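Following: one structure in structure tokens, then a few remarks.
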Amino acid sequence: YQIKKAGRNGIRRFDAALDAELERTILLTREFQFALSRDQLSLVYQPIYDLKTGEMSKIEALVRWSHPEFGAISPGVFIPIAETSGQIMAVGRWVLEQACFQARHWRENHGWAGKITVNVSPVQFAQPTFVDEVKQTLLLSGLPAHRLELELTEGAVIHSPTLVQTALRGLQRLGVEIAIDDFGTGYSSLAYLRDLPIGCIKIDRSFIEDLASPRRAPQYAVALITAIVGIARTLDLQVVAEGVETQEQVDAVRGLGCDFAQGYFFARPLDAARLEALLDSGQPDLNAGWHQRLN
Ligand code: C2E
Ligand code: MG
Ligand code: MG
Ligand code: MG
């Protein structure tokens, strides 16, 4: 229908755009093969603060790819590529290992008592060996299991329920925590929150964004966040507000009952050295706009 309507030129333009896109994907897929072995991957770390105490309760590890020619490529681009090519297995293992070693170092040498959180792709999660790998990594790094939290998106939980359930139960036995990432954007189902060993939900950034948006009515965001927090309270889950960028948003999510907040207002994702400096400098004053000193 669309093709007919667009006519001949439309088709050609569409094909050209598709070709360019496909070519870029093929190129990046090829280049990504060497990313790990050529040391082009690194981790950055973003603090997650307790809104009551101001403590840095958690730190999220986020992977970065810096290509010598193309520069920084977003994980939003290369993670799907790695998932398709199967490289996500090696990359995910590397990320987990780095993050666990780093967390143990911060625990032992910088007095940090929080949890490291690591994003896990559904592709990793669906491997029968996944729980064992997590266990090995914990042993190798010396990080206690309850200092590790894995972030999964809703899609992962819904798509292969039995595999995921088995993995989740295995992780629960280890003592590893599970958080649902980008909550509210996937195929939300209340049943899985009730039935599976999930400890935390991270409210997607888009809801937080709407709190201060002149384009959309903030009362909807307020109502939705209130509802999510209500569900979380009922099921005894922790709630993190993602993507907090302003003082108004901090006040709002705190007022609505969120337990933790993460976002540029407090700190951007930082390299290990800068995160460490932040740990050594003591606790932030959540109302003083620490981001001004950090960014
Ligand atoms: P995510 O797990 O939801 O991570 C949060 C994303 O929001 C990060 O983007 C972070 O830099 C960004 N962010 C944090 N605070 C703010 C804010 O105040 N405002 C705005 N506009 N953005 C904020 P990033 O690092 O580009 O990561 C994008 C996604 O890529 C992640 O979303 C996650 O799904 C995925 N990802 C990142 N690292 C890994 C990894 O090691 N493994 C896997 N499987 N996925 C990863
Ligand atoms: Mg150190
Ligand atoms: Mg995440
Ligand atoms: Mg998220």
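The values are calculated or read from the model by the stated rules, or taken from the named source; none is laboratory data. Not measured: the values here are computed from a predicted model. Cβ placement follows ideal geometry from the backbone for every residue including glycine, while neighbour counts extend to all protein chains displayed. Areas reflect the complete protein model, heavy atoms only, side chains present, ligands, DNA and RNA absent. Shrake-Rupley method; radii C 1.70, N 1.55, O 1.52, S 1.80 Å.
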Worksheet item: Taking the Cα-to-Cβ direction at residue 271 and at residue 160 and moving 7 Å from each Cα, how far apart do the two end points lie in nm?
Response: 3.6
Worksheet item: Within a Cβ distance under 15 Å of residue 112, other residues only, what is the Lys/Arg minus Asp/Glu net charge?
Response: -1
Fill in: Accessible surface of residue 153 - all protein chains present, 1.4 Å probe, nearest 10 Å²
50
Discussion item. Defining a contact as two alpha carbons under 8 Å apart and six or more residues distant in sequence, what relative contact order in percent does the stretch 196-252 show?
Written reply: 50
Practice prompt. Would you mind giving the three semi-axes, in whole Å and largest first, of the ellipsoid equivalent to the stretch 102-246 according to its Cα gyration tensor?
Written response: 28, 20, 12
Worksheet item: Taking every pair of alpha-carbon atoms in the stretch 116-183, what share in percent sits in each 5 Å bin, from 0 to the bin with the longest distance?
Response: 4, 18, 32, 28, 13, 5, 1
Discussion item. Suppose every Lys and Arg Cβ carries +1 and every Asp and Glu Cβ carries -1, with no other charges. What dipole size does the stretch 76-226 come out with about its Cα centre, to the nearest 20 debye?
Written reply: 260
Discussion item. Give me the 1.4 Å probe accessible area per residue for the chain, excluding ligands and nucleic acids, in Å².
Written reply: 51
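How long are the semi-axes of the equivalent ellipsoid of the stretch 163-280, defined as square roots of 5 times the Cα gyration tensor eigenvalues? Whole Å, largest first.
25, 21, 11
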Discussion item. Can you divide the C-alpha Rg of the stretch 243-285 by 2.2 N^0.38 Å and report the result to two decimal places?
Written reply: 1.28
Worksheet item: Do any trypsin sites (Lys or Arg not before Pro) in the stretch 166-264 lie in a DSSP loop with no more than 13 other beta carbon atoms within 10 Å, and if so, which?
Response: 215, 216
Discussion item. Ignoring ligands, DNA and RNA, please state the percent of accessible area on the stretch 91-241 from carbon and sulfur, probe 1.4 Å.
Written reply: 52
Worksheet item: Restricting attention to the alpha-carbon atoms of the stretch 49-162, what are Rg (one decimal) and Dmax (integer), both in Å?
Response: 15.2, 44
Fill in: Measure of compaction for the chain (Cα Rg per 2.2 N^0.38 Å)
1.07
Worksheet entry | As computed over the stretch 17-96, the Cα convex hull volume per residue (Å³) | 117
Worksheet entry | Sum of -39500 (n - 2.57) over DSSP H runs of 4+, divided by residues of the chain (222 nm, nearest 500) | -16000 deg cm²/dmol
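Looking at the chain, do any whole DSSP H helices span at least 20 angstrom along their long axis by alpha carbon and average 1.0 or above on Kyte-Doolittle, and which?
218-235
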Worksheet item: Taking only pairs that are 8 or more places apart or on different chains, how many Lys pairs in the stretch 1-143 have Cα atoms under 25 angstrom apart?
Response: 4
Item to complete: Could you tell me which GluC sites (Glu not before Pro) in the stretch 36-111 are loop residues by DSSP with no more than 16 other beta carbons within 10 angstrom of their beta carbon?
Response: 69
Discussion item. Need the C-alpha centroid separation for the stretch 161-203 versus the stretch 114-159, integer Å.
Written reply: 11
